[in-house]
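Participant: Sharing a structure here in structure tokens format.
Please treat every number below as a calculation from the coordinates, not as lab data. Treat the numbers as computed from the prediction; the structure is a model and nothing was measured. A quick note on method: Cβ atoms are made from the backbone with ideal geometry, for glycine too, and the neighbour counts reach across all protein chains shown.
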Amino acid sequence: MGRAFEYRKARKLKRWGNMSRTFTRIGKEITIAVKSGGPDPTTNPRLRVLMQNAKAANMPKDTVERAIKKATDKDSGDYKEITYEGYGPFGIAIFVEAATDNNTRTVANVRSYFTKHGGSLGTQGSLTFLFDHKSVFKIKPKDGVSLEDLELELIDYGVDEIEADEEEIVLYGEFEEFANIQKYLEGNGFEIVSAEFERIPHELKEVTAEQRVTLDKLLEKLEEDEDVQNVFHNMKESDEE
């Protein structure tokens, strides 16, 4: 217990620090959800939860509505979700998730970042064994429902870790059970603050302060790319972070 929670806590501030990048990322996810399931959140569970994510990130309501409307335009671009896997310097595994309308451009950029910063891009699936792909829900506590009761109830839905995070509860479940977990929470009156997918490393690798500087340069280049949605790695964060 606690491995996924600690990893997520360590990288949370970095991910949500750049508001414009966050809005762009959620906007792309909304576009993909609308194109696959329609613009009505009442009949599109994925869109419904993305709208909650947008709210949690303080994304303006009109920005969300524009993203939904734009996605319904037949001339709007189609984004394809693609993953890239590779090793940074010092043997750190890096998993990149992208949403792109031009895979040739994106893979060329990602490969160049790895190469220029002492790493190498690997084949798809080469790092899967190093990470757990998890559904992560953040919900508000509900009166009369204890953590223990909630955990027992959700075991059947693939949830394997529950942690209290200040005034919220974080649930970690199997990737394949995302829709079932969402359906349970909504059906039982829980307020979903946000819901997303995370890749949690099985083990974290220690690096020196000098090595961290080199690795951070690569991670920052990846994070800054407009096609990149998420970057996961197995580098242990420093105690100061």
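Participant: Return the loop-located GluC sites (Glu not before Pro) in region 163-219 (DSSP other than H, G, I, E, B) with at most 10 other Cβ atoms within 10 Å of their own Cβ; answer none if there are none.
Facilitator: E166, E167, E203, E206
Participant: Right, another one. Expressed as a whole number of Å, what is the distance separating the alpha-carbon centroids of region 111-152 and region 164-204?
Facilitator: Using only Cα atoms to place each centre, the spacing works out to 11 Å.
Participant: Show which lysines lie in cross-link reach of K205 when reach means a straight Cα distance below 21 angstrom and same-chain residues fewer than eight apart are skipped.
Facilitator: The reachable lysines, counting only those whose Cα sits under 21 Å from K205, are K9, K12, K14, K134, K217, K221, K236.
Participant: Can you say what percent of the DSSP beta bridges in the chain, counting only those with both residues inside, are antiparallel? Round to 5. Before the final figure, lay out the partial values.
Facilitator: On the way: 36 of 37 bridges.
Bridges in the chain that DSSP calls antiparallel: roughly 95 percent.
Participant: Right, something else. Specify the residue with the greatest mean-square fluctuation among L222, L171, L185, computed from a Gaussian network of the chain linking alpha-carbon atoms under 10 Å apart.
Facilitator: Between L222, L171, L185, it is L185 that shows the largest mean-square fluctuation.
Participant: Testing the spin-label approximation: label points 7 Å from Cα along Cα→Cβ at T63 and E224. State their distance in nm.
Facilitator: Result: 2.1 nm between the two label points.
Participant: Something else: Of K142, K69, K116, which is the most mobile in a GNM of the chain whose springs link Cα atoms less than 10 angstrom apart?
Facilitator: K116
Participant: Could you run the Karplus curve 6.51 cos²θ - 1.76 cosθ + 1.60 with θ = phi - 60° over region 30-47 and give me ³J(HN,Hα) per residue in whole Hz, x for Gly and Pro?
Facilitator: Per-residue couplings from phi come out as 5, 4, 4, 5, 5, 5, 8, x, x, x, 9, x, 5, 10, 10, x, 5, 5 Hz.
Participant: Using a basic spin-label model with each label point 7 Å from the Cα along Cα→Cβ, how many nm lie between E237 and E153?
Facilitator: About 3.0 nm separates the two model spin labels.
Participant: Mind giving me the FRET efficiency for K55 and K142? R0 is 22 Å, r the Cβ-Cβ distance, nearest 0.05 is fine. Mind showing how you got there, number by number?
Facilitator: Details: r = 19 Å, r/R0 = 0.85.
So, using R0 = 22 Å, E works out to roughly 0.75.
Participant: Continuing with this model, one more query. Residue-wise, which Karplus ³J(HN,Hα) couplings in Hz belong to region 63-72, taking 6.51 cos²θ - 1.76 cosθ + 1.60, θ = phi - 60°, and x for glycine or proline?
Facilitator: Ordered by residue, 3J(HN,Hα) equals 5, 5, 5, 5, 5, 5, 5, 4, 5, 7 Hz.
Participant: Quick check: from the Cα gyration tensor, does region 22-68 come out rounded (a/c under 1.5), prolate or oblate?
Facilitator: It is prolate, given that a/c is not under 1.5 and a/b is the larger ratio.
Participant: So, R0 is 41 Å and r is the distance between the beta-carbons of N103 and E206; what FRET efficiency does that work out to, to 0.05?
Facilitator: 0.75
Participant: I would also like to ask the following. Rank V145, F178, T43 by how far each Cα sits towards the positive end of the charge dipole of the chain (+1 on Lys, Arg Cβ; -1 on Asp, Glu Cβ) and give me just the farthest.
Facilitator: T43
Participant: Which residue, L130, L219, L150, tops the fluctuation ranking in a GNM of the chain built on C-alpha contacts under 10 Å?
Facilitator: L150
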